[in-house]
Every structure is written in structure tokens, then in C-alpha cells.
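Engineer: Dumping the structure here so I can ask a few things about it.
The values are calculated or read from the model by the stated rules, or taken from the named source; none is laboratory data. Predicted, not measured: the structure shown is a model, and the values here were computed from it. Methodologically, a virtual Cβ is constructed for each residue, glycine included, from the backbone with ideal geometry; neighbour enumeration extends over all protein chains shown.
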Amino acid sequence: MQYHTLIRNASIIDGSNRPAYLADVAIVDGRIARIGDVQGARAEEEIDAAGRVLAPGFIDVHTHDDTVVIRQPQLLPKLSQGVTTVIVGNCGISASPVSLRGAPPDPMNLLGTAAAFVYPRFSDYRAAVQAAQPCLNVAALVGHTALRSNHLDDLSRTATPDEISAMRGQLRESLEAGALGLSTGLAYASAFNASTDEVQQLAEELAAFGAVYTTHLRSEFEPVLEAMDEAFRIARHASSPVIISHLKCAGAGNWGRSPQLLASLEQAAHTQAVACDCYPYAASSSTLDLKQVTDAHRITITWSTPHPEVSGRDLLDIAAQWDVPLLDAARRLQPAGAVYYGMDEADVRRILAHPLSMIGSDGLPEDPFPHPRLWGAFPRVLGHFSRDLGLFPLHTAVHKMTGLSAARFGLQQRGEIREGFWADLVLFDPLRVRDVADFTDPQRSAEGIDGVWVNGVRSYVDGQANGARAGRFLPREGDLRVGFSRP
Ligand SMILES: [Zn+2]
């Protein structure tokens with residue numbers, strides 16, 4: 001048998017949460033053709049992977065890569081971590097369907113300037129991704145705030161019945177064109193005053209498609225449990241699965257409450273389809289939000305339109321230099337981005353280790369001084385949390401970024417190393433893999449990622465991207481509810 005690629009002697013971690021085993025893997029026409037002993041076989045490309053782990057390519061379930069996959073299709077921050085699929089359109093903000101009437105409202109500005117929003121229909125976005133041929137696969141949610149910005153003249157109120165029906169029409173059309181589901185960002189001012197009923201009515205469109213509801217909760221601070229209840233209620237009403245985005249206990253007054261949050265998630269899981277994603281850091285990042293300005297923990301400014309020179313500096317220092325209160329300094333800096341050191345490490349670990357949590361980077365690719373999760377989230381889970389701290393076995397770390405994620409988002413024939421599945425693969429050194437990007441030098445490639453294959457095409461070799469662009473747009477396939485019945 002002649003194969004395209006043979007990866008010999010690898011320690012296979014197959015993504016299903018089973019421990020590693022030794023085998024050879026053969027690839028033909030973009031798919032895994034055979035797993036096992038292929039001693040007599042030949043291939044155009046043969047790799048000796050002794051001492052290395054071969055895993056399914058990582059699925060970044062929580063990204064804001066909507067427009068960067070088109071403008072910078074080489075996507076080095078993700079490919080260099082071993083990511084082979086990104087899910088875009090999270091937190092209520094998506095590149096499509098969008099028709100702007102001016103500058104993108106906060107936080108849609110995280111996705112780029114007005115010039116980046118040129119996809120009035122979801123099908124336009126899908127076609128643009130296909131034309132751009134990014135180096136990894138892209139699947140997309142539709143953002144509630146994006147829909148609101150299309151139809152409301154004022155984002156600080158709830159939508160009227162006519163506006164809801166217009167938004168439903170656009171959501172339905174997007175789901176028909178392959179969107180995975182609906183995301184919300186209810187904590188942001190641009191969606192905070194949307195009533196539960198508004199979201200519920202939109203979510204009613206999901207059931208007919210077997211699509212998913214994902215949500216950046218209305219609060220991640222003290223009222224977080226109430227916000228989770230709202231999310232569960234919306235999903236029950238819509239008969240759809242719900243994924244809580246970047247689950248956390250935000251703000252010093254909220255530290256230590258992760259057991260309560262996880263108990264609430266488990267309780268809900270008895271009667272409905274629920275999951276969550278999280279990133280492996282005790283600091284968050286987004287646009288600079290006046291409601292989050294505090295002296296209880298450190299805040300750094302990552303970008304500021306009126307004051308680009310302060311990028312990377314502490315808000316406290318800036319306020320001291322200007323001799324003004326923190327809040328006044330923050331007002332002067334807006335629009336701006338920030339890193340908030342507002343979580344407790346013990347909460348981060350508990351959520352990360354929970355069987356219902358998947359890994360998502362929440363990286364912000366437009367940020368000139370990004371939170372290091374953009375370049376380091378996946379290797380940090382493998383290296384720091386699994387190997388160095390022993391928070392969970394390596395095969396569980398891999399499961400949380402592959403098999404579990406593919407099941408929850410209905411990504412067919414991906415997320416596991418199985419014969420017949422797409423050959424999205426990452427080869428890494430389990431002893432060396434680690435995140436290098438940190439809060440002072442955040443744009444650095446991880447160590448220990450030796451190779452990445454996307455749809456069978458080797459795209460990253462020995463720490464370097466080779467220019468291959470084999471990614472595809474992945475439309476929703478089948479009923480996503482099915483993927484929540486499996487553990
Ligand atoms: Zn978010």
C-alpha cells in the first residue's frame with residue numbers, strides 16, 4: 001500500500017480520553033487511512049515519531065479570529081500551538097451577518113475596524129473564508145450583538161417585536177447557511193439591556209437546526225449564579241444545548257466560589273445539555289470596561305485609540321502620572337483594551353479540571369499587546385497544568401481540546417485519531433511542550449510543537465509554518481444535541 005504520509009512509532013493520544021498507546025499512523029487523501037503496524041508500507045513522506053505524542057489537532061472552541069482568518073490566513077498564533085480548527089463568532093460578536101452604519105460598537109471593535117466588516121450575509125462570510133484558504137479549519141457562530149447592531153438604532157435598550165423578528169430572520173438564514181448556533185455577550189453594555197425574553201425568542205430558531213447556544217454570561221461577578229440560571233433557562237426554552245463561555249469567578253469579592261458554579265453546572269447537566277469552556281490563566285482580557293475598573297487588583301492597558309503610547313502599562317501608573325482618579329484615566333483612554341488580573345488561581349484550576357470544561361483560548365488577535373492566551377493557551381494546559389502540576393493526565397488534557405470539543409460542536413470525523421477521520425494532527429514532545437508567551441512578552445510561539453497537519457497536509461514543521469493553507473470552512477453538520485449525550 002502506498003500512503004501519502006506515514007508517522008511511525010508515535011505515542012498516540014487519540015482524543016477520546018483513553019491513555020496513550022504506541023502505533024503507526026498512515027494518511028491518504030487528507031484522512032487517517034490506517035492505525036497500527038504498517039512496517040511493510042511506503043509513503044511519500046515518512047516521519048519517525050519515537051518519543052513524541054501524536055494527538056488530534058487542537059480545536060480552539062472560543063476565538064475571536066473571525067476576520068483575521070481572512071486577512072492573515074497563516075494564523076501563526078494558533079497553528080504554532082497545534083490548533084487545527086477555530087470556532088469564531090463568540091461572545092455575541094461575529095463578522096457576519098453584519099451591515100455597519102459607522103464604527104463597530106464595543107466590543108465588536110475587538111474584531112477589527114469598520115473596514116473588516118464586509119459580510120452582510122453569513123454566506124458571504126463563508127465564501128470569503130473559503131476564498132482566503134486559511135491554514136486551519138473555521139466554524140462559526142452568529143453573534144447576538146452583531147444582529148442587534150444591524151437592526152437597533154440604540155443598543156442600550158431591549159429590541160422591539162419587529163426588531164426581534166428581523167433578527168430571527170437573519171439568524172435563520174445564517175443557520176441555513178451553516179452557522180453552528182447563536183452566541184451572546186450579555187455582560188457588555190451593547191447587549192446588557194436585552195431582556196431574557198429577547199434572547200429566548202432568538203434562541204427559538206435553534207431547535208429546528210439542532211444548533212447550539214453559547215453565552216458570555218450577563219455577569220461573571222457576584223450575580224454569576226443567577227446569570228448561569230438565565231443561560232440554562234434560555235436553552236431549556238429553546239430545546240438547545242448551552243455552552244457557558246470562559247466560565248470564571250471574576251472580581252476579588254467572588255473568589256473561591258468555583259465549587260458553587262460547578263455544582264450548578266452539574267445540577268443542570270442532569271436535565272439538559274450543558275458544557276463550558278475556559279482558558280488557563282487567572283487574568284481576563286477584553287475592551288476596557290468602566291464597570292470593571294477597580295484598585296482591588298492589577299489592570300494593564302493593552303491598547304488605547306487616543307493614547308496608543310500606554311500599551312502594556314498599568315492603569316494605576318497611568319492615573320498616577322496624569323494625577324487623576326483611576327476611573328477618569330480609564331475614561332480618557334477609551335476606546336481601549338485591558339488585561340484584568342481579577343481571578344483566583346484555585347478557581348481557574350478547579351474549572352479547568354472539571355469534566356464538563358473544554359479549552360478555548362479567547363485570544364484577541366487584533367490586540368497589539370495581547371493577553372498571552374492568544375499564543376499559549378493550549379501548550380500551557382499540556383505543559384504547565386498537566387505535566388508540571390499534575391492537574392490531570394495528558395490524555396485528559398488532550399481530550400478537553402479535541403474529542404470533547406468536536407462532540408459538543410458536532411464537528412464530524414474530527415477531534416479523534418480514528419481510521420476514516422480527517423487527518424488533523426499535532427505531533428509534540430511531551431517533555432518539552434510549554435507556553436513561552438507571557439504577560440510581558442506575549443507574542444511568542446510555544447516550544448515542543450514538532451508538527452501540525454491540517455486535512456492531511458503538513459503545515460508546521462520543527463517550529464516553523466511552511467506556508468501550507470489546507471484549512472476549510474466547516475458548516476454545521478447534523479444535530480449538535482447528539483454530542484452532549486456522550487461523556
Ligand atoms: Zn467573552
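Engineer: Please work out which residue is surrounded by the most Cβ atoms within 10 Å (Cβ to Cβ), limiting yourself to segment 208-243 and to residues that are more than 15 Å from the ligand (Cβ to nearest atom) and among the polar types (S, T, N, Q).
Structural biologist: Only one residue fits best here, namely SER240.
Engineer: Okay, next question. For segment 436-453, how many residues meet the condition of being buried (at least 20 other Cβ atoms within 10 Å of the Cβ) and touching a helix residue (DSSP H, G or I) at 6+ places or on another chain (Cβ under 8 Å)?
Structural biologist: Qualifying residue count, segment 436-453: 7.
Engineer: Consider ILE87 carefully, then state whether it is under 14 Å from the mean Cα position of the chain (by Cα), within 28 Å of GLN464 (Cα to Cα), surrounded by 23 or more Cβ atoms within 10 Å (Cβ to Cβ) and within 16 Å of the ligand (Cβ to nearest atom).
Structural biologist: It is true that ILE87 is under 14 Å from the mean Cα position of the chain (by Cα), within 28 Å of GLN464 (Cα to Cα), surrounded by 23 or more Cβ atoms within 10 Å (Cβ to Cβ) and within 16 Å of the ligand (Cβ to nearest atom).
Engineer: Just one of the numbered conditions (1) among the charged types (D, E, K, R); (2) more than 16 Å from the ligand (Cβ to nearest atom); (3) assigned to a helix (DSSP H, G or I) is not true of GLU205; which one?
Structural biologist: With respect to (1) among the charged types (D, E, K, R); (2) more than 16 Å from the ligand (Cβ to nearest atom); (3) assigned to a helix (DSSP H, G or I), GLU205 is out only on (3).
Engineer: Can you find a residue that is free of Cβ contacts under 8 Å to residues at least 60 places away in the same chain and either closer than 30 Å to TYR125 by Cβ or among the charged types (D, E, K, R) (or both) anywhere in segment 24-34?
Structural biologist: Yes, the conditions are met somewhere in segment 24-34.
Engineer: Still on this model: Of all residues in segment 286-302, which are of a type outside the set (D, E, K, R) and over 21 Å from the mean Cα position of the chain (by Cα)?
Structural biologist: Listed by number, the residues that qualify are LEU290, GLN292, VAL293, THR294, ALA296, HIS297, ILE299, THR300, ILE301.
Engineer: Which ones in segment 1-56 are over 22 Å from GLY403 (Cβ atoms) and not in a strand (DSSP E or B)?
Structural biologist: MET1, ASP29, ASP37, VAL38, GLN39, GLY40, ALA41, ALA50, GLY51, listed by residue number.
Engineer: Of all the residues that make up segment 366-394, how many are buried (at least 24 other Cβ atoms within 10 Å of the Cβ), in a loop (DSSP other than H, G, I, E, B) and within 16 Å of the ligand (Cβ to nearest atom)?
Structural biologist: 1
Engineer: Another question, if that's okay. Taking the conditions exactly as written (crowded, with 16+ Cβ neighbours inside 10 Å and either in the same structural domain as TRP303 (by TED's automatic domain parsing) or not in a helix (DSSP H, G or I) (or both)), does ALA146 satisfy them or not?
Structural biologist: For ALA146, the condition - crowded, with 16+ Cβ neighbours inside 10 Å and either in the same structural domain as TRP303 (by TED's automatic domain parsing) or not in a helix (DSSP H, G or I) (or both) - is not met.
Engineer: Quick check on segment 177-202: of everything there that is more than 15 Å from ILE234 (Cα to Cα) and either without any contact (Cβ under 8 Å) to a residue 12 or more places away in the chain or among the hydroxyl-bearing types (Ser, Thr, Tyr) (or both), which residue is nearest to the ligand (Cβ to nearest atom)?
Structural biologist: Only one residue fits best here, namely TYR188.
Engineer: Read through the list (1) within 24 Å of ALA446 (Cα to Cα); (2) acidic (Asp, Glu); (3) assigned by TED's automatic domain parsing to the domain that holds PHE378, then give the number of the only condition that ASP48 fails.
Structural biologist: Of (1) within 24 Å of ALA446 (Cα to Cα); (2) acidic (Asp, Glu); (3) assigned by TED's automatic domain parsing to the domain that holds PHE378, only one is false for ASP48: (3).
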